[in-house]
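A.B. asks: First, the structure itself, so that you have it in front of you.
The values are calculated or read from the model by the stated rules, or taken from the named source; none is laboratory data. Note that this is a predicted model, so its numbers are computed, not measured. Please note: Cβ atoms are built from the backbone with ideal geometry, for glycine as well, and neighbour counts cover all protein chains shown.
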C-alpha cells in the first residue's frame with residue numbers, strides 16, 4: 001500500500017465506479033457516459049474515506065466509497081423520475097434525455113452493481129448496514145411523497161423524513177468508513193452521529209437552495225420542490241409565521257410557481273424564513289463540530305471541519 005491523499009483517493013473512487021458499472025452491452029454503456037458527465041461532489045465517498053482515518057489506501061475503503069456513490073447516482077436518477085426533473089447538475093437529466101423507462105431500469109442496474117461491489121468485501125455486517133440504510137432512504141421518500149401538499153406538516157415530522165432519506169445515508173457512510181478503518185467503538189459511534197448531524201444540515205440547506213438559488217447556479221429547476229408540493233423547513237416556518245390571509249394566498253399560488261417566483265421571494269423574505277432555516281442547519285453543524293473536538297489526532301479531522309464550515313456559508 002502507498003500513501004494516497006484525499007484527492008487521489010477520489011480519483012481511485014472514480015476508476016472503481018467506472019469499472020464496477022461497465023457492461024459488455026454498448027446500449028448500457030451509453031448511459032454510463034451520460035452519468036459520468038454529471039461530475040458530482042463525491043460527498044458520501046469522502047465521508048467514507050475521512051472516517052477510515054487511514055493515510056494509506058485501502059482497497060476495501062475505496063470499494064466502499066465507490067459503492068456509496070453508485071447508490072447515490074441510482075437514487076438521483078429515481079428522484080428525477082419521481083420529480084419529472086429536466087435538469088441534473090446543469091445537464092439534462094437522464095429521464096429527459098433517454099426517457100422514463102430507460103432511466104428507471106438504469107437506476108435499478110446501478111443499485112444492483114453497487115451491491116455486487118459491496119458483496120465483494122465479504123462483510124455481512126456492512127452488507128446489512130447498507131441494505132437497512134437503502135431501505136430507510138426508500139421509506140423516507142415514500143413518507144415525503146405521502147406528505148405532499150400537507151400544509152399541516154410539523155417540523156418534527158419534517159426532521160424525521162430528512163433523517164431517513166438523507167442523514168441516515170451520511171451517518172452510514174461515516175460508520176462504515178470507521179469500521180473499515182478499525183476505529184474503536186467509541187469513535188465509530190461518534191463518527192456515526194457526526195455523519196447524521198451533517199446530513200440533517202445538508203438537507204435543510206439544500207431545501208433552502210431550492211427557494212433562493214436560480215437554476216443556472218444550482219443545476220436543477222428553481223422552486224421545483226415547492227411546485228411538487230414538498231413541504232420543506234422554509235415552508236413550515238413560513239406557514240407558522242404568516243397570517244391566515246397570506247396562508248390562503250400561498251396555498252392558492254403554489255400551483256402556479258413558475259409565474260409567481262417574485263411573489264415567493266417576497267413572502268419568504270418578509271419573515272426572514274431562509275435565515276431562520278439556516279440557523280437550524282447551523283445548530284446541527286455546530287453539534288457536529290463539537291463532536292469532532294473529541295476526536296484527538298484524527299487524520300482527516302481538518303477535512304470534516306473544512307466541509308462543515310463551507311456548508312455554513314452556502
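A.B. asks: So for region 47-58 (the condition being farther than 24 Å from residue 308 by Cα, part of a helix (DSSP H, G or I) and modelled with pLDDT under 90), does at least one residue qualify?
C.D. replies: No.
A.B. asks: In region 145-166, is there at least one residue being farther than 27 Å from residue 250 by Cβ, buried (at least 17 other Cβ atoms within 10 Å of the Cβ), modelled with pLDDT of 95 or more and assigned by TED's automatic domain parsing to the domain that holds residue 283?
C.D. replies: For region 145-166, residues farther than 27 Å from residue 250 by Cβ, buried (at least 17 other Cβ atoms within 10 Å of the Cβ), modelled with pLDDT of 95 or more and assigned by TED's automatic domain parsing to the domain that holds residue 283: absent.
A.B. asks: Take the residues of region 269-314 that are free of Cβ contacts under 8 Å to residues at least 60 places away in the same chain and part of a loop (DSSP other than H, G, I, E, B): which is nearest to the chain's Cα centre (by Cα)?
C.D. replies: 313
A.B. asks: Has region 276-285 got at least one residue that is within 23 Å of residue 191 (Cα to Cα), surrounded by 18 or more Cβ atoms within 10 Å (Cβ to Cβ) and modelled with pLDDT under 95?
C.D. replies: Looking for residues that are within 23 Å of residue 191 (Cα to Cα), surrounded by 18 or more Cβ atoms within 10 Å (Cβ to Cβ) and modelled with pLDDT under 95, one finds none in region 276-285, hence no.
A.B. asks: What number goes with the only condition from (1) within 24 Å of residue 146 (Cβ to Cβ); (2) loosely packed, with under 14 Cβ neighbours inside 10 Å that residue 266 does not pass?
C.D. replies: So the condition that residue 266 fails would be (1).
A.B. asks: Considering only region 250-260, state which residues are surrounded by 15 or more Cβ atoms within 10 Å (Cβ to Cβ) and in a helix (DSSP H, G or I). Let's see the steps before the verdict.
C.D. replies: Here is the first cut: in region 250-260, the ones surrounded by 15 or more Cβ atoms within 10 Å (Cβ to Cβ) are 250, 253-254, 257, 260.
250, 253, 254, 257, listed by residue number.
A.B. asks: Here's another thing I want to ask about it. Please pick out the residue among 137, 142, 130, 118 that is at pLDDT 95 or above, under 26 Å from residue 223 (Cα atoms) and surrounded by 15 or more Cβ atoms within 10 Å (Cβ to Cβ).
C.D. replies: After ruling out the rest, the residue left standing is 137.
Yes or no, residue by residue, for (1) touching a residue at least 12 places away in the same chain (Cβ under 8 Å); (2) part of a helix (DSSP H, G or I); (3) over 23 Å from residue 261 (Cα atoms); (4) out of contact with any helix residue (DSSP H, G or I) (no Cβ under 9 Å at 6 or more places or on another chain):
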position: 152; (1), (2), (3), (4): no, no, no, no
position: 165; (1), (2), (3), (4): yes, yes, yes, no
position: 179; (1), (2), (3), (4): yes, yes, yes, no
position: 182; (1), (2), (3), (4): no, no, yes, no
position: 200; (1), (2), (3), (4): yes, yes, yes, no
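A.B. asks: Is one or more of the residues making up region 79-87 under 19 Å from residue 170 (Cα atoms) and within 15 Å of the chain's Cα centre (by Cα)?
C.D. replies: Yes, the conditions are met somewhere in region 79-87.
A.B. asks: Still on this structure, I have one more. Starting from region 86-105, keep only residues that are assigned by TED's automatic domain parsing to the domain that holds residue 225, then list their pairs with residues that are buried (at least 16 other Cβ atoms within 10 Å of the Cβ) and not in a helix (DSSP H, G or I) whose Cβ atoms are within a distance under 8 Å, requiring at least 6 positions of separation or different chains.
C.D. replies: none
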